[in-house]
Amino acid sequence: MTFGSWLALVVAIVLSAEVVRWLRHRALRHERWRRFFRHPTAAWGCGILTFLIIVAIAAPLVAPLDPIVQPDPVRLKNHAPSLTFLMGTDVFSRDVWSRFAYGARVSLGIGALGALIAVSLGSCVGAVAGYYRRWVDAILMRGVDIGLALPRIFIVLMAVALWDRLSFAWLTLVIGLTSWFATSRLVRAEVLALRERDFVVAARALGVPSSRVIFGHVLPNAAAPIIVSAALSVGNVLLLEASLSFLGIGVAPPRPSWGNMIADGAVTIYTAPWTTLFAGLAISLVVMSLNAVADGLRDALDPRQDPA
Amino acid sequence: MTAPPAPPPVAAPLVDVRDLVKHYAAERRWFGLGRPRPPVRAVDGVSFTIPSGRTLGLVGESGSGKTTVGRTMLRLQEATGGRVLFEGRDVFALDSRALRALRRRMQIVFQDPYSSLNPRMTVQETLREPLEIHGLAGTVAALLDEVGLDAVFAKRYPHELSGGQRQRVGIARALSVEPQFIVCDEPVSALDVSVQAQVLNLLADLQARRRLTYLFIAHDLAVVRHIADDVAVMYLGKIVERAPAAEIYALPRHPYTRALLSAVPEPDPKAKKNRIVLSGDVPSPAMPPPGCPFHPRCPHPLKSARCRTEVPPLREVPAGSGHLAACHYAEQPMK
Ligand SMILES: Nc1ncnc2c1ncn2[C@@H]1O[C@H](COP(=O)(O)OP(=O)(O)OP(=O)(O)O)[C@@H](O)[C@H]1O
Ligand SMILES: [Mg+2]
């Protein structure tokens, strides 16, 4: 670790603590966000996520070394964590901390983008099915049933078999396109209830076109469950990416992702556990944090708890 | 020189509803495999006309099918049968473009001011949307002014408004497209008594100023007394009595109307009055009783076996009076 990367790391920690403090302060003014922070874990979740996001964005600053270079494969391999190698080195003598930071970019990036694709698609399909009902609903929801029944690993394996190696963009797309089924069911249920509400009937009575009724009146009022499901989706996508990378069909090595790092370290798990430990820990922490944030959001966005 | 447009035939009503039927299919038993249940006959052959500029009051207990009549007429729900003519054109036969044009002419005001406004849109956004969609020149400020709201409300969200204020916004939204006909679906039922009169007055003023035609739905006869020109009384999806307002209040010919009227508070406290309390619950519209649908609860002293077997048609009593009642004993109404 160079002085610069230590400094960057400290700044990242302080910054994420400050962000949470600032959010908390702002929250005092709104009943909804006070409810969010009433969850003791929600603040921690926010802090951890902010820290990892800062690390991902500032990877070139916090990482002392290139995540791909192998400084000395003979003498520096499987080096235990120390002041120079914060998280040790792996079997190829690469700095685990640097790979961790750059891996955060890849893993969180796929998580966020994949979830964005999944939630947008799921919301649209769910909204269309719930709004139009009848045969549109029947066809779309049978499709969703099939989608939920197919193992996603199998779909991705097929994609890999077809295109050999998936690039980052394609991998994100494939993951996103196979992760929207649960969201669409949730949104459909919400839309089925909303479409009977008087303000939706009023919009139809005024001649507002269906697309505008769906996107202007129905979906904005289903925002709460959509946001919660987005938070949970990021965790799911992240886990899927990790398992795909572990199986060697995810992010192409030597590019680091947290899933890749676990795969690389798997052979030395007894002699050099640090090579897998930190990446595994990060994945668990992100998923746990997202669940905590989703819980907080569920409470915060629940209109039944709003003061009248 | 252009010839003056031919005046519309005097007798032609603006709205003509003929034998309107709306059945809700019931879920089958045993997860869709069993015997089908009978459908809910929410509206079962309703006919009426409303002349331009007049108000028909539609009265009945909860579940009698009033809302369903209003919504199927506006094609917000598909009807099972019957026809609705608006200015002589069949509303159910319109294609989607003609329907869009019709949406400008027929509007609706809802009962519940809390669910009838989009909670995520400000008053301004709510009112601007229809103006934009139909390319109308009206302004939000003018609409708010017309319903007696200050311009500061434009920036507010529905949850910042009182029930009465929301209902005014709902009325302004209906007015925004400059309709000729408005279905007022119990527009004051959910409001405080003090606010009810204000909103009723507003609706009456608007009708006079804009020459509006109303279908005014209410669940008791008191509310429609001052606003309706004609009154139709619904029971279990059917109209049981229809007459000019003055007639129906003076001499109700159906025992159900008589019972509803006895529940209306009399302005003169000394007026003697025998309140009729109906026994039993309203039967399910999925299984209406045979014969006269009202017979199980009917307090009429002449009630006979005929009421249990023979459906009384809606007929004019006395002939030529314009007073219709569906009772075998309409000639000898209850006192
Ligand atoms: N979507 C629906 N599906 C099934 N049945 C329905 C539906 N909407 C209404 N009904 C039934 O149709 C009947 C008439 O309902 P409607 O809402 O028209 O009555 P209403 O006279 O407006 O009553 P209220 O005074 O309570 O508003 C009721 O028995 C109701 O349960
Ligand atoms: Mg109703």
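Which FRET efficiency value, to the nearest 0.05, is calculated for A:ALA138 and A:VAL91 with the Förster distance at 60 angstrom and r the Cβ-Cβ distance?
It comes out at approximately 0.65.
Please state the shape class of chain A: rounded when a/c is under 1.5, otherwise prolate if a/b exceeds b/c and oblate if not, all from the C-alpha gyration tensor.
oblate
Around A:VAL267, under 15 Å between beta carbons, what's the net of Lys plus Arg minus Asp minus Glu among the other residues?
In short, 0.
Go ahead and run the numbers for FRET between B:VAL277 and B:GLU160, Cβ-Cβ distance against an R0 of 35 Å, rounding to 0.05.
Values: r = 42 Å, r/R0 = 1.20.
Plugging the Cβ-Cβ distance into 1/(1 + (r/R0)^6) gives 0.25.
What spacing in nm lies between the two simple spin-label points modelled at B:ASP192 and A:ARG24, each 7 Å away from Cα in the Cβ direction?
Going from the B:ASP192 label point to the A:ARG24 one covers 4.2 nm.
Given the rule -39500 (n - 2.57) for each run of at least 4 DSSP H residues, summed and divided by the residues of the protein assembly as shown, what is its mean residue ellipticity at 222 nm, to the nearest 500 deg cm²/dmol? Please list the in-between numbers first.
Values: 24 runs with 304 residues, N = 643.
Helices in the protein assembly as shown give a 222 nm mean residue ellipticity of -15000 deg cm²/dmol.
Once the Cα gyration tensor of the protein assembly as shown is found, what semi-axes does its equivalent ellipsoid get, as square roots of 5 times the eigenvalues, in whole Å, sorted largest first?
67, 26, 22
Considering only DSSP states other than H, G, I, E and B, which GluC sites (Glu not before Pro) in the stretch B:41-124 qualify as loop sites with at most 14 other Cβ atoms within 10 Å?
On the way: sites: B:GLU61, B:GLU78, B:GLU87; in loops: B:GLU61, B:GLU78, B:GLU87.
Of the GluC sites (Glu not before Pro), the ones in loops of the stretch B:41-124 whose Cβ has at most 14 other Cβ atoms within 10 Å are B:GLU78.
Which parts of the stretch A:173-200 would a label at A:SER120 reach, counting a residue when its backbone N lies under 13 Å from a point 7 Å out along Cα-to-Cβ?
So the set is A:173, A:176-177.
Need the per-residue list for the stretch A:220-234: every residue with at least 20 Å² less accessible surface in the complex of protein chains than in the chain by itself, probe 1.4 Å, sorted by number.
Listed in order, they are A:PRO220, A:ASN221.
Placing unit charges on C-beta atoms (Lys and Arg positive, Asp and Glu negative, everything else neutral), compute the dipole magnitude of the stretch A:1-87 about its Cα centre in debye, rounded to 20. Walk me through the intermediate numbers first.
Working: 10 positive and 4 negative charges, 135 e Å.
About 640 debye.
Can you pull out the buried accessible area for chains A and B, both sides counted, probe 1.4 Å, rounded to the nearest 100 Å²? Write out the running numbers ahead of the final one.
Values: alone 15650 and 17080 Å², together 30820 Å².
Result for this pair: about 1900 Å² buried.
With a 1.4 Å probe and every protein chain left in place, work out the accessible area per residue of the stretch B:34-115 in Å², rounded to a whole number. Walk me through the numbers before you get to the answer.
Values: 3420 Å² over 82 residues.
In whole numbers, the stretch B:34-115 has 42 Å² accessible per residue.
Starting from the Cα of B:GLU78, step 7 Å along the direction of its Cβ; do the same at B:ARG210; then give the gap between the two resulting points in nm.
Result for the modelled spin labels: 3.1 nm.
Under 16 Å between alpha carbons, and skipping anything fewer than 8 positions from B:LYS22 in its own chain: which aspartates and glutamates qualify?
Output for B:LYS22: B:ASP44, B:GLU78.
If you count, for every residue in A:204-214, the Cβ atoms of partner chains within 10 Å of its Cβ, what is the mean?
Taking the mean over all residues of the peptide, I get 6.
Remind me, relative contact order of chain B in percent, using alpha carbon pairs under 8 angstrom and six or more residues apart?
The normalised contact order for chain B reaches 19 percent.
Quick one: if you stick a label point 7 Å off each Cα along the C-beta vector at A:ILE269 and B:ARG37, how many nm between them?
In this crude label model, A:ILE269 to B:ARG37 measures out at 5.5 nm.
List the residues, sorted by chain then number, that are 5 or more residues from B:VAL240 or on another chain and whose placed amide H is less than 5 Å from its amide H.
B:VAL233, B:MET234, B:TYR235
Using 0.36 nm times the number of residues separating A:TRP170 and A:SER211, minus their current alpha carbon distance, what extension gain do you get?
Numbers: separation 41, 0.36 × 41 = 14.76 nm, distance 2.92 nm.
Result: 11.8 nm gained on full extension.
Quick one: with all protein chains in place, what share of the accessible area of the stretch B:133-251 is carbon or sulfur, to the nearest percent (1.4 Å probe)?
Roughly 49 percent, rounded to a whole number.
Add +1 for every Lys or Arg and -1 for every Asp or Glu among the other residues with Cβ under 12 Å from the Cβ of A:ALA63, and state the total.
Its environment carries a net charge of +1.
Residues of A:142-155, mean number of Cβ from any other protein chain within 10 Å of their own Cβ, rounded to a whole number?
Mean partner-chain Cβ count within 10 Å for A:142-155: 0.
Specify the angular offset, from 0 to 90 degrees and rounded to the nearest 10, of the alpha carbon long axis of helix B:163-176 from the longest principal axis of the alpha carbons in chain B.
Approximately 70 degrees, to the nearest ten.
Would you calculate the convex hull of the Cα atoms in the stretch A:87-215 and tell me its volume per residue in Å³? Present the calculation step by step, with values, prior to reporting the outcome.
On the way: hull volume 19.3 nm³, N = 129.
About 150 Å³ per residue, rounded to a whole number.
Going down the table (B:LYS66/B:LYS155; B:LYS238/B:LYS303; B:LYS303/B:LYS335), which pairs top 26 Å between alpha carbons?
Those over the limit are B:LYS66/B:LYS155.
Work through the residues other than B:PRO158 whose Cβ is under 10 Å from its Cβ and net out their charges, Lys, Arg +1 and Asp, Glu -1. Can you show the working numbers first?
Values: positive: B:ARG120, B:ARG156, B:ARG166; negative: B:GLU160.
That sum, taken over residues with Cβ under 10 Å, equals +2.
What number comes out for accessible area per residue over the stretch B:123-258 if the probe is 1.4 Å? Units Å², please. Mind showing how you got there, number by number?
Working: 5060 Å² over 136 residues.
Per-residue value: 37 Å².
The values are calculated or read from the model by the stated rules, or taken from the named source; none is laboratory data. If you're wondering where the values come from, they're calculated on a predicted model, not measured in any experiment. Cβ: placed from backbone, ideal geometry, glycine included. Neighbour counts: every protein chain shown. Note: areas computed on protein heavy atoms with side chains; ligands, DNA, RNA excluded. Shrake-Rupley method; radii C 1.70, N 1.55, O 1.52, S 1.80 Å.
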